[in-house]
Amino acid sequence: MKVRLKGDVLCTFLLVIALCTLFYSLMRPTNEPSPDKPNKPKVSSGTAKPKKFLVSEGRASRAKLLSDVYHAEDGSEEVKPTKPGVVTQPPFDFQQYLRSKDHRNFSLLINQPNKCSKPSGDTFLLIAVKSIVEDFDRRESVRKTWGREGVINGLRVRRVFLLGTPRNKTSVSLWESLMQHESHYYKDILLWDFLDTFFNLTLKEIHFLGWAEDFCSDVKFIFKGDADVFVNVENLIHFLQTQDPSGDVFVGDIINHAKPIRSKKSKYYIPETMYGLGMYPVYAGGGGFLMSGVTMRKLSQSCKEVELFPIDDVFLGMCLQRINLTPVFHAGFKTFGITKPSAAPHLQTFDPCFYRDLMVVHSLKAAEIWLMWNLLHSQQPPCSKRQRVRKPFHWKKKKPKLAEKAVTN
């Protein structure tokens, strides 16, 4: 009798435990993870997302999270939102520029003192290309195509690249060592100790002129341009053979009657306090232009007497004005790119016939420069009789936008 009582109590106790467990499992919240399965994040459009990016957290939370990520990377403080249409920071710090504009002499970190000295006086054309440290691929494209050093039609051609120091040095690891190695291998790097920014291109202009006067004073002609241009050097040399190297020469895509941009939203904004006149002097588009060694030496001296201006193309126009030299327009310089002529609608954009009679075409990618150079220098003639245009046509100059007409870089 005693044994049966103990068994009944034990069964009752186990039954109570089982009921309590069942009741607890029914009352447990559904979003609580089970002990044997991890909780999976909610899925939207078939893609799993962390909980912090769920829609239920709201747009403000997502914006805050992304803002924290970006600020953690660049170490900057959180930017407070401003009212729509209000410009919180001007495109350029003109006050700082005016305070430091008299600081115009910077050290030459990498030099090529023997570029034009062996043998002296034999350099017919010096190619000077504006570049930045990060653009090795563009420099390599120029070296292997139109910017090759050597003898063309019996005339010596040499090359240099013009660089400043990178603005964000930490983003280009070991940049100093890389530039030293590149300079040692190619012997064509000129590097100055100023930040390589858009508004410091004027510093690049005056420092190159000073370098050319000191180390390449016997050069006959100079082509100066950007790394994203295609240059038909054979056409340049053919044209320069008709010019007098002992006189003034300055040829390019000449811009007349350009007005200063007064809109603060523009990259080329210039306040009236910096330039009060209503018109810029005549100047050449910075994509590429030609000058003689005589003109180079005159400009080197005149630019020392002209106050620095943040737009390098216009600044050089001011220097030309000071020596009373009017630049000459040549239709072969397309510093705003090219448009398909209406008389030759069958030609394709990369048909060599587009570039056969041109000298400089701006705004091309490195791969496009390689393509055009190889097409023009293929064994077969670039333009067959079938491809030639039956009736003559002239290239129409592309009209740049107002913001671009003030300067090309």
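Quick rundown of the values:
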{"item": "Residues (assigned to a strand (DSSP E or B) and closer than 29 Å to Asn200 by Cβ) located in segment 116-137", "result": "Ser117, Thr123, Leu125, Leu126, Ile127, Ala128, Val129, Lys130"}
{"item": "Filter result for the condition that a residue is among the basic types (Lys, Arg) and within 22 Å of the chain's Cα centre (by Cα), over Arg167, Arg156", "result": "Arg167"}
{"item": "Residues satisfying the stated conditions in segment 299-333, i.e. more than 24 Å from Leu240 (Cβ to Cβ) and either under 27 Å from the mean Cα position of the chain (by Cα) or touching a residue at least 60 places away in the same chain (Cβ under 8 Å) (or both)", "result": "Lys304, Val306, Glu307, Leu308, Phe309, Pro310, Ile311, Val314, Phe315, Met318"}
{"item": "Test set (1) in contact with a helix residue (DSSP H, G or I) (Cβ under 7 Å, 6 or more places away or on another chain); (2) farther than 16 Å from Leu125 by Cβ; (3) among the small types (Gly, Ala, Ser) - Ala212 fails condition number", "result": "(2)"}
{"item": "Those residues of segment 297-325 which are part of a loop (DSSP other than H, G, I, E, B) and either modelled with pLDDT of 95 or more or surrounded by 19 or more Cβ atoms within 10 Å (Cβ to Cβ) (or both), in sequence order", "result": "Cys303, Leu308, Phe309, Pro310, Ile311, Ile323, Asn324, Leu325"}
{"item": "Output for segment 348-383, where each listed residue is small (Gly, Ala, Ser), under 16 Å from Gly287 (Cα atoms) and either at pLDDT below 70 or not in a loop (DSSP other than H, G, I, E, B) (or both)", "result": "Ala366"}
{"item": "For Pro113: the one exception among (1) in a loop (DSSP other than H, G, I, E, B); (2) buried (at least 21 other Cβ atoms within 10 Å of the Cβ)", "result": "(2)"}
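Results for (1) under 22 Å from Phe198 (Cα atoms); (2) free of Cβ contacts under 8 Å to residues at least 24 places away in the same chain, shown as yes or no for each residue.
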{"residue": "Lys118", "(1), (2)": "no, yes"}
{"residue": "Gly121", "(1), (2)": "no, no"}
{"residue": "Ser131", "(1), (2)": "yes, no"}
{"residue": "Asp137", "(1), (2)": "yes, no"}
{"residue": "Lys144", "(1), (2)": "no, no"}
{"residue": "Gly150", "(1), (2)": "no, yes"}
{"residue": "Arg158", "(1), (2)": "no, no"}
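The values are calculated or read from the model by the stated rules, or taken from the named source; none is laboratory data. What you see is a predicted model; the values in this text were computed from it and never measured. In this analysis, Cβ positions are derived from the backbone assuming ideal geometry, glycine residues included, and neighbour counts consider all displayed protein chains.
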